[in-house]
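The values are calculated or read from the model by the stated rules, or taken from the named source; none is laboratory data. Everything numeric in this text was worked out from a predicted model, so none of it was measured. A quick note on method: Cβ atoms are made from the backbone with ideal geometry, for glycine too, and the neighbour counts reach across all protein chains shown.
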Amino acid sequence: MKLYPSEDIRNFAIAAHASSGKMMLAESMEADASVINRLGSIELGTTMSDYHDAEKERQISIKATPLCVEFGGKKLIFFDAAGYLDFMAEALGAMQHVWSSTGERRRSGHLKSLRLITRTRRAACDGDERVG
């Protein structure tokens, strides 16, 4: 396994309301990074992030799932968080992990910024610029 210096690691969570495309965004990121060779299907229960039996049966995320890819020489560690309010604790847990994982980098001065990106459908949002 390749080792990354802390300044080359990005931690984030994909969190939004239910049925907004979080899981398919995560699947697309995994496929684009060649972690998987094809997109999974929610209906068939073949996605990377929904692997618990209850998630496959209900076709919704219940748990926040950690995933990782390499992109542009950086290691992206991210969580696909559940979107239904019933499972809000999972999304909050993912956010807490992201925040706490930045603690050492904040103290050492390696963390340059912490961003909350909202309304990514807007034309002005450029995801490639946000990774760097």
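Residues checked against (1) surrounded by fewer than 18 Cβ atoms within 10 Å (Cβ to Cβ); (2) modelled with pLDDT of 90 or more:
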{"position": "L39", "(1), (2)": "yes, yes"}
{"position": "L67", "(1), (2)": "no, yes"}
{"position": "A81", "(1), (2)": "no, no"}
{"position": "M88", "(1), (2)": "yes, no"}
Residue check for I62: under 13 Å from the mean Cα position of the chain (by Cα) and either surrounded by fewer than 17 Cβ atoms within 10 Å (Cβ to Cβ) or outside any helix (DSSP H, G or I) (or both): no
Unique residue being acidic (D, E) and out of contact with any Gly (no Cβ under 9 Å at 6 or more places or on another chain) when the list is E7, E57: E7
Number of the condition not met by F12 [criteria: (1) in contact with a helix residue (DSSP H, G or I) (Cβ under 9 Å, 6 or more places away or on another chain); (2) modelled with pLDDT of 90 or more]: (2)
K112 being in a loop (DSSP other than H, G, I, E, B), surrounded by fewer than 13 Cβ atoms within 10 Å (Cβ to Cβ) and modelled with pLDDT of 85 or more: no
Only one of E57, E27 that is assigned to a helix (DSSP H, G or I), under 22 Å from A94 (Cα atoms) and modelled with pLDDT of 85 or more: E27
